Each structure stands twice: as C-alpha cells, then as structure tokens.
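Below: one structure, written as structure tokens.
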Amino acid sequence: MISLTKAATVVCCAAVLMSCSGSGGKSASGAEPYRVEFALNTICVIMLYDQADNDVYDAVFARIHEIEQRMSAFLPDSDISRINAAAGIAPVQVYDDVFNIIQRAVKFAELSGGAFDPTVGPITALWGVTGDNPRVPSQQELDAVLPLVNWRYIELDEHARTVFLSRRGMSLDLGAIAKGYAADEAAHIIREAGLARALIDLGGNVITHGVNLAGVPWRVGLQNPLGERGEFVGITSGWDMTVVTSGVNERYFIEEGERYHHIFSPFTGRPATTGLLSTTIVTDASMDADALSTAIFVLGYEKGSEMLAPLEDVSAIFVFEDKSVSITPGMSFQLTDTSFHLVD
C-alpha cells in the first residue's frame, strides 16, 4: 500500500504567529493584511500588514504565476517542457529569466560537485513523488536514467539565449530553485513599491522584508521534520533575510512500511540518506538558499559544511536523525523543542 503526504518546511503559520500579532484589519487602502493563492504546487502567502495594497498583491501574484508558466516541468508549453522535449535534438530559445535561472543552477551544480543538479528530471519522473501515483522504481530503471543526470550536458548560448540538453532523454527539473527565485521576485516587487514591511511565504521559502509591526527582529519557526505542521524545533530571528528548508517531511510516500522522501541523490537516483532530517539555509537570496539547502542535504553534514564555509553571509541549521541539531557559528537560533538537542 502506498500513502502520499505533503507538508511545508518552514511554515507560514510560524511567521504569522511570531511576526503578525496586532496586525489589525484592512489597510488604509482597504486591502486585507495578507493574500493567499495556490501556485508553484504550493500555498503562497504574501503579508503586507498595515501597508497592504491590492495593486501590489496583483503584481506579485502575476509574476509568481508567470514564473510557473515558464519554468514548470509539468506544463506542456513552458520553456522547461520545450527544452526537455528537444533534448538531444536542438537548442531552444527561452525567456531571459529562464536562461538566467538555469545558468545560476549550473553554477550551484558545479559548486556542489553535482549534489544539486537541475538535470535530475529523469529520476523525479521515475519516482513520481510530486504526482498522485508515486512508486519505488527498480534498480534496472534507475541504472537506465542515471547516465542522463549530469549538469555538464547542459549547453548554454548566452548570445542566442538558448538552452540545449545534449543527450536524448535528459530533462530539467527546477523544483529545487525556481520557488526561491519566485520569492526573490516577489520581494523585489514589494521593495520597488516602497513598502516598509512584508512577509513572503511560498510554501516554506520565507522572506522577511523591512521592520515588522513590533519593531523587533522577525522570528521564523523551523518545522519539526518529525512532527505535525506548526510544530517547531526552534526559532531563527533576524531582519531582512530568507529562510529555506529542505526536509524529509516536505513530500514523501510510504510503501510496504518504508518511507521515501523527495530529495533525491543525483548520484544514486534514490532518496538521499546522509543521517539528516532537514537542512535550513538563512541568507539574503531565496534562490541561492533553495539550491544550497538541497545540496547540503544530499552532501551530508561534513561535506555540506565544507561547501558552505567559504560562502559569505550564509548560515545553516542541520537537523539529524538522532534529533541532534547543529548550527553554523554566529547565527541566531533558539531551540524550543526539548526532545532535540544542540551539538557543537
């Protein structure tokens, strides 16, 4: 028997409960303090508080839906689907934002030694974790697609703005970076509008902007990967920041009593097993945090820490299967669940 469960990582209710008390009703413009829509296969929440503006909400969600239309591997007319359909056949000209995010994804693939790999599409398709009928593929099936998972086979022509997957059967999956990009774009629109405060939560990709109503640092709860939605391991706090988590509780299914999560190792084609339950990145760019949280989950604590060490203004939280928690030096984190424990 197979059961499928989907859950958020760093959840909106954490930020709402800890940052929005006293937000009151509608703003002076008559807009609600927050708006919720479904996009990018998740619940997206934008909170503008006392400065809520329906024109800003409209602009933000229009951009989020536009990104989905261009970058989803599940929409047949998207740039990503067109690239995948032309794999091994011909380069495909794409929108500038699609080209730029693929280019950025390749950089993170190189940085992580392939632990983050945007060509993981053949693996995710086999497992079907994001669909309604997930299954455990055979080793023979995995062996057949693993040679197609290699970011080095992406050919980018910056002048022509084309993308070419050089092997037939290859496919891109930007699920581990596009949502972060959409969050960054939402934040850009809000900043351009001159709003003093905002909270963006795209299904766990959280961005805090400006000064909250209480005039204190924003507090974002880190989801307990073993608990129910809204149960937290601890709280990280700060001003303008993004908080992104990759964890075993995000999407998974259970078959014959074994749990299979959606963070696949590009090296084995199977859910990554590095002793971690979740990895969280705190930095200033959600797209970067998205890719990095996936990469360090696949790499594991030691290799992941080595990869992060030279990066500036990037902090991390590692939650292990034995319920220990490790944080990088200098970050603000308060453990709130006493069943977990901090380690050096």
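The values are calculated or read from the model by the stated rules, or taken from the named source; none is laboratory data. Computed from a predicted model, the values in this text were never measured in an experiment. All Cβ positions, even for glycine, are placed from backbone atoms using ideal geometry, and neighbour counts span all protein chains on display.
Annotations for the structure displayed:
- Filter result for PRO310 (closer than 21 Å to PHE116 by Cβ and without any contact (Cβ under 8 Å) to a residue 40 or more places away in the chain): yes
- Members of the range 30-55 that are within 16 Å of ALA187 (Cβ to Cβ), within 23 Å of the chain's Cα centre (by Cα) and either of a type outside the set (D, E, K, R) or in a helix (DSSP H, G or I) (or both): TYR34, ALA39, LEU40, CYS44, VAL45, ILE46, MET47, LEU48
- Those residues of the range 279-326 which are closer than 18 Å to ARG104 by Cβ, of a type in the set (Ser, Thr, Tyr) and part of a helix (DSSP H, G or I), in sequence order: SER286, SER293, THR294
- Residue in the range 290-313 that is of a type in the set (S, T, N, Q) and touching a His at 6+ places or on another chain (Cβ under 8 Å) present: no
- Pairs, first within 23 Å of ALA182 (Cβ to Cβ) and in a loop (DSSP other than H, G, I, E, B) in the range 221-250, second among the small types (Gly, Ala, Ser) and at pLDDT below 95, C-beta under 6 Å, six or more apart: ARG229/ALA7; ASN249/ALA7
Let's see how each residue does on (1) crowded, with 24+ Cβ neighbours inside 10 Å; (2) touching an Asp or Glu at 6+ places or on another chain (Cβ under 8 Å); (3) not charged (D, E, K, R):
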| site | (1), (2), (3) |
| --- | --- |
| VAL220 | yes, no, yes |
| PRO225 | no, no, yes |
| TRP239 | no, no, yes |
| VAL244 | yes, yes, yes |
| GLU250 | no, no, no |
| TYR260 | no, no, yes |
| ASP288 | no, no, no |
| MET307 | no, no, yes |
| VAL314 | no, yes, yes |
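- Subset of the range 85-109 [assigned to a loop (DSSP other than H, G, I, E, B) and in contact with a strand residue (DSSP E or B) (Cβ under 8 Å, 6 or more places away or on another chain)]: ALA86, ALA87, GLY88, ALA90, PRO91, VAL94
- Pairs where the first residue, in the range 137-162, is surrounded by 15 or more Cβ atoms within 10 Å (Cβ to Cβ) and the second is small (Gly, Ala, Ser) and at pLDDT 95 or above, C-beta under 6 Å, 6+ apart: LEU142/GLY269; LEU146/GLY269; LEU148/GLY169; TRP151/ALA109; TYR153/SER166
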